[in-house]
Structure formats: C-alpha cells, structure tokens
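Quick notes on the structure that follows.
The values are calculated or read from the model by the stated rules, or taken from the named source; none is laboratory data. No experiment lies behind these values; they were computed from the predicted model shown. Neighbour counts are summed over all protein chains in view; Cβ atoms, including those assigned to glycine, are modelled from backbone coordinates with ideal geometry. When the accessible area is computed, the model is the full protein with side chains, heavy atoms only, and any ligands, DNA or RNA have been set aside. Shrake-Rupley method; radii C 1.70, N 1.55, O 1.52, S 1.80 Å.
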Amino acid sequence: MSQTVDPITDDLLRPVLRTSPRFWLTVAVLGLIVAAGAGAWIYQLYYGFGVTGIRWPIFWAVYVTNFVFWIGISHAGTLISAILRLMDAEWRRPVTRCAEAITVFALMIGGMFPIIHLGRPWHFFWLIPYPNQRGLWPNFRSPLVWDFLAITTYLIGSVLFLALPMIPDFALLRDRTTGWRRRVYGTLALGWRGTTIEWQRLETAMSIMAVVILPVAVSVHTIVSFDFSMAPVPMWHSTIFGPYFVAGAIFSGVAALILAMALLRRFLELGAYLRPLHFENLGKLLLLMSLVWSYFVFSERLTIWYGNDPAEMAVFRTTQEGSFAPLYWTMVVCNFIVPFALLAPKRTRTTISGCVAASVAVLVGMWLERFLIIVPSLGHKHLPYSWATYRPQPVEIVITIATFAAMTLFYVLFAKFVPIISIWELKVGRQPAPAAVDLDVRPEAMGVRR
Amino acid sequence: MSGVYALFADPDAAERAVEALRAQGLGTDEITIISAQPYESYAFSHTGGSSSWMFRVAAAGGTVGLACAFALTSLTQRAWPINTGGMPIVALWTNLIIMFEMTMLGAVLSTVGTLLWSTGLPRRRPAFYDPAVSTGAILVGVEQPKHASPVLATTLARAGGQVKTLA
C-alpha cells in the first residue's frame, strides 16, 4: 500500500512540532507582562483596595468592566462554533477551534475578575453552594450566585466542547511524536483509535453539545446583564439589558475571533486554511452585529430621553455631553461608524486588513461601552449628594493590560500544544465523493476459495 | 490480541474490502474499520448503528440536573428561610435560573459520559490498531476472527490492502 501524501496534517502539525525563537521571545514578553499584573495584584492584596480608584459610591469600576468585557469575548467561540455546526456551514471547519479556544481562555480570565475585585479573595469559595459550619448557604435570589452557576456551567461546557474534537488530533500527535510528547499526547488521546463507532459517537456528542451550549451561552450574558438590570440604578434597571448584552457579547466576540485568526494566519503561516473567505463571512457577521448593537443603543437611549426621568437624564447627559462624552463618542465611532465604513463596502470587506481594522475598533469600542454602562451610572445615582467620579489607578491599569497579555499568552501556548485548526474536521470537508463504480465483491469474482 | 487486517490508501478500496468481508459471511459487528477521519459519504462509515439514543440519554441527564437544582434551591430556602426583598421564601422566578443552568449541565455531563462509556474510552490496554492510520491509511480487519485467517487475509489482499496478521 502506498501511503497518501498528507500536506494538511504536515502543515497543521508544523507549529506544534517545530519551535522557533520567535515563539520563546513572544512567551517571554507576554510572561513578563502577566508577571507585572500578578505583582500589581499582590500589591493590591498587601495594601488593600485603597490603592485602586474604587471609592464610594463607585464600587464597580475597571475590574467589573473587564469582567463583563471578557465574558462577552467568550461568546466568540462556542456560540459561533455551535451555530455554524448546527447549520452545517462548510466554511466553519478551519474556524471552530480558533473560536472555541477564545471562549475557554476569555472565560478563565473573565472569571478571575470577581475574585480580583474581592477585598479578601481567599474567601471566594463562599459563593459555592455547599453545607458549611456557618450554617449559611448562598442566597439563590442573588444575581451574583446566578453568575457563578452560569459561568461555571458555560466554562465546563465550553472546555468539553473544545476538548472532545481534540481527542482524534491528540491521537494523531501520539502517532507522530516520540519520547515525553508521545506519552503526554498518548494520555490525552485516551486510547482513541478512530473506529466507525468512535467517530459516530463523537459526532453525535458534538451535535448534542452544540444544541445544549447555545442556550447556555445566551443565558450567561443575560445573567451578567442581570447583575445590572436587577438594581434600581439609573440606566441599569432596563428590560432590554438581556438581549442588549447578548448582542454586544457576540459583537465583541466576533471581533476578537477575526483578530485572533489574522494573527494565527500571519505568524503560523496558515494562509492556505484561514482564507479571505473566512474573514469576509465573519466581517459580514460583524457588520450585522454592529447594526444590531446600534439598534439596541438607540432603543435604550430614545426611551430614556423620551421618559425624561431626572435621575436617568443625569447619567444620559454626563455620557453624551458631560465628562464622559469623549469616551461615549469614541465608542459610537468605534462600534458603528468604523465597522460600517469598512465592512459595508465590498472593496474593504473582502480584504483581511479591512476586517482586522474594524475588529480592533470594535474591541476598543466594546470595552468603552462596558465602562460607560458601569461607571457613570454608579457616579450619578438618584440622590445628588452621592454623585462622584472615578479615575483608574496604576494598579488597575497594569492588571487590565496584563489580562490582555494573559489572553494572548494562553492562546500562543495553546497553538503550540494543539493544532489550532481541527485536522480531522478540515479533512472531512475536503473528501472526494465516493467512486461511482459497481463493486463485484463475490468471493468467486475476487478469486477467493472458501 | 489476535486478528488480521489490511491498510488501504483510499476509502473506495476500504469500502470494497468491507463488502468483500461481508460477502465472506462476516457480520457488521465483526469487521473493524479504523481511520483518521470519518468518511460519512461511504457506507462503511455507518456500520456502528444509530446513535440517536444519545439524545435521549442527554435529555435524561438534563432531567436529573433539573431535579437536583429544584431540590437544592427549594430545600435550602426552606432550611434557611431568608426574607429577600419581599420575595417568597421559595422564589420560583429566581430558582428557574439555577434550574436552567443545572439542567444544561446535566445534559452536557451525561453526553460526555455516554460518549466515553459507549466507546470504551479512556483505554489503557493496547488495542487493535496500526499507527499508519495517522498517515491517512484506512484499517479494515477482523479482531479475534472466527473464520480462518488465511481466507480473510486473501480477501483483504485481493481488495488492494497491505495485509498484516496479529498472532
């Protein structure tokens, strides 16, 4: 038997099996930034929350902004991947694992912020419902407990959704490596062989997971929005917040996915797999989500302006005309003007640089949007005696920058350890049709004597 | 582990080998087919029977999660009754969120459990396998054959495969 030439496997395993000096340099730089963030957190733990800009009445500031932003980014992967799987969109194949990995790492980083935001983070496990000596259980009527359960469910589901299709690729790596790598990949492959039953069960399991994970993804960001909308704070107590947050999450998630794919394409030389078509399709989705997001913002703002409630109008004015206006209008430009200008015309939408530029703008705009939801409202509650402003301090800024470095570092390490494009799924999409020949397989015809 | 198998370079040849083994009187469950990717458009890829029962197991797992969530929330709230904003002690509206999440978690975990259980994963023992599969070859063979191995080997060789026998 002549073995088939397999350029797909070779191309996609190359980043895993070969390590360039650029990889170590990237890891070192990112690792230093993450270490700086860890140092800033230790500093905050040692000296207390006074080193941050968080003061009464603005108890939620950059940290909760980061929490909502990263949970939003997590919608890139599992949601998009699950939708494309269920629709059986062929172009999804090189995209799904890139996207699912973003979900897992963004959730891990986002999930850290409620802990960073605690004065005594070593007590974080008090959120977990378990029998204890204090005779206290978490109050299931608190949105923060809902958060804990929703994020935990989404994280477990997303990790499994990412991990299951990796098993066949681990088996591939097990057979292609030697030494400690063979042992590690062999353990992770779980003894996978690739029998027809294994493939059938895996594909059915992935279909079920896709069906289940979709409503979980929607619920997670809806529940994050409940952290705000359940409180009688001006411009928070809104019935539209659930879908508005979900739309914003998908919007920022798609932008993160486009940016990650562009970096992978450039640095791992995956141009043959992450093609302009993928960027154009995701660019269309980004444009759609930009319009949906703009629609929600308009609906929300028009209702508040028309209602003319003094407390809500105080927040409305400070964001559009007051001290937060530069951030607000930057957000509008980044989330609507730039994506529309770059993604509506086919000439720029069909270029990777056009999609990437729009995505960078959207990521900036969506971080600002989260900040503008949280800080102006807390600084302008119903009674003017409690009005205040907020200015982030170096500790918060360093920790925020470090999370972006951590996200990139996790992604770089993941792409080094696992094929960032699912090899077997890609190959399935490129299979030729079965040969249309009649097979005469009678033993006599094949010269076999019983 | 005894067996006889052949490696095929393309799925058409593998299909031919499977049909030839069936023509020899082997049942579907006696033939092992191993590949580095599923070949959904080939008949041999559908020899494992239907997997639709996995949806029912997932639904059952979700039901168990729902029951656990209902018990956890309502029993906790009755054991430690806390008046929160005038809500009922057992507040169904808020408990629905916990129930939803745990229902989905039950479905996810039962699906993964079913996958592992029904495929025999994780597997530590050496199994009927050839690393050439990872280079694109398709393995068609018979584990612990009841038929005479030489006959099976000839059949597989005639179908165009590179035959190997495990003692």
Largest first and to the nearest Å, give the Cα extent of segment A:1-142 along each principal axis.
70, 39, 31
How long are the semi-axes of the equivalent ellipsoid of segment A:96-174, defined as square roots of 5 times the Cα gyration tensor eigenvalues? Whole Å, largest first.
32, 14, 12
Helix B:92-119: angle to the longest alpha-carbon principal axis of chain B, degrees 0 to 90, nearest 10?
20 degrees
Determine, for each peptide in A:62-69, A:318-325, the mean count of other beta carbons within 10 angstrom over its residues, then list the peptides with the highest first.
A:62-69, A:318-325
Which listed residue (A:21, B:109, A:334) has the Cα farthest towards the positive end of the charge dipole for the protein assembly as shown, taking +1 on Lys and Arg C-beta and -1 on Asp and Glu C-beta about the Cα centre?
A:21
Which of the aspartates and glutamates could a cross-linker span from residue A:416 if the Cα-Cα distance has to be under 17 Å and same-chain partners fewer than 8 positions apart are dropped?
A:10, A:11, A:100, A:169, A:269
Straight-line reach from residue B:146: which lysines have Cα under 28 Å away, leaving out those fewer than 8 places along the same chain?
B:164
What 222 nm value per residue comes from the helices of the protein assembly as shown, counting each DSSP H run with n ≥ 4 as -39,500 (n - 2.57) and dividing by all residues, nearest 500 deg cm²/dmol?
-21000 deg cm²/dmol
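Mean separation of Cα pairs under 8 Å and 6+ residues apart, divided by the residue count of chain B: what relative contact order is that in percent?
Relative contact order, chain B: 54 percent.
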Shielding of A:174-183 by partner chains, average beta-carbon count, 10 Å
1
Degrees separating the helix A:96-116 axis from the principal Cα axis of chain A, which is the longest one
30 degrees
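Beyond 14 Å, what percent of the Cα pairs of segment A:292-337 remain?
Across segment A:292-337, Cα pairs with separations above 14 Å total 54 percent.
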For B:114, A:351, what's the largest-to-smallest order of accessible area, 1.4 Å probe?
A:351, B:114
Which of rounded, prolate or oblate describes the protein assembly as shown when judged by the alpha-carbon gyration tensor and an a/c cut-off of 1.5?
prolate
Less than 18 Å apart at the alpha-carbon level, and either on another chain or at least 8 residues along: which lysines does that give for residue A:284?
A:346
Rg (one decimal) and Dmax (whole number) from the Cα set of segment A:59-143, in Å, equal 17.3, 54
Taking all pairs of different Cα atoms in segment A:212-364, averaging 1/r and flipping that mean, what Kirkwood radius in angstroms comes out?
16.8 Å
Ranked from highest to lowest mean number of other Cβ atoms within 10 Å per residue, what is the order of the peptides B:102-113, B:62-73?
B:102-113, B:62-73
Could you sort A:381, A:284 by their accessible area in this structure, using a 1.4 Å probe and putting the largest first?
A:284, A:381
Taking a ≥ b ≥ c as the square roots of the eigenvalues of the Cα gyration tensor of segment A:33-81, is the shape rounded (a/c under 1.5), prolate (a/b larger than b/c) or oblate?
oblate
Mean separation of Cα contacts under 8 Å (at least 6 apart) over the residue count of segment B:53-119, i.e. the relative contact order in percent, is 57 percent
Debye log10 I(q)/I(0) for segment A:163-224, one point scatterer per Cα, at q = 0.13, 0.20, 0.22, 0.24 Å⁻¹
-0.49, -0.76, -0.83, -0.90
Find the percent of Cα-Cα distances in segment B:8-167 that exceed 23 Å, and round it to a whole number.
57 percent
Starting from the 7 Å offset along Cα-to-Cβ, what nm value, one decimal, do you get for the label separation of residue A:42 and residue A:332?
4.6 nm
What is the P(r) of segment B:1-81, as percent of Cα-Cα pairs per 10 Å bin from 0?
14, 30, 16, 13, 11, 10, 5, 0
Based on alpha-carbon positions alone, could you give the equivalent ellipsoid semi-axes of segment B:53-119 from the gyration tensor, as √(5λ), descending, whole Å?
31, 9, 7
Relative contact order (%) - criterion: Cα under 8 Å, at least six apart; region: chain A:
29 percent
For chain A, the longest principal axis of the Cα atoms and the Cα long axis of helix A:179-189 enclose an angle in degrees, to the nearest 10, of 80 degrees
Mind checking the mean number of beta-carbon atoms from other chains within 10 Å of the Cβ atoms in B:129-137?
6
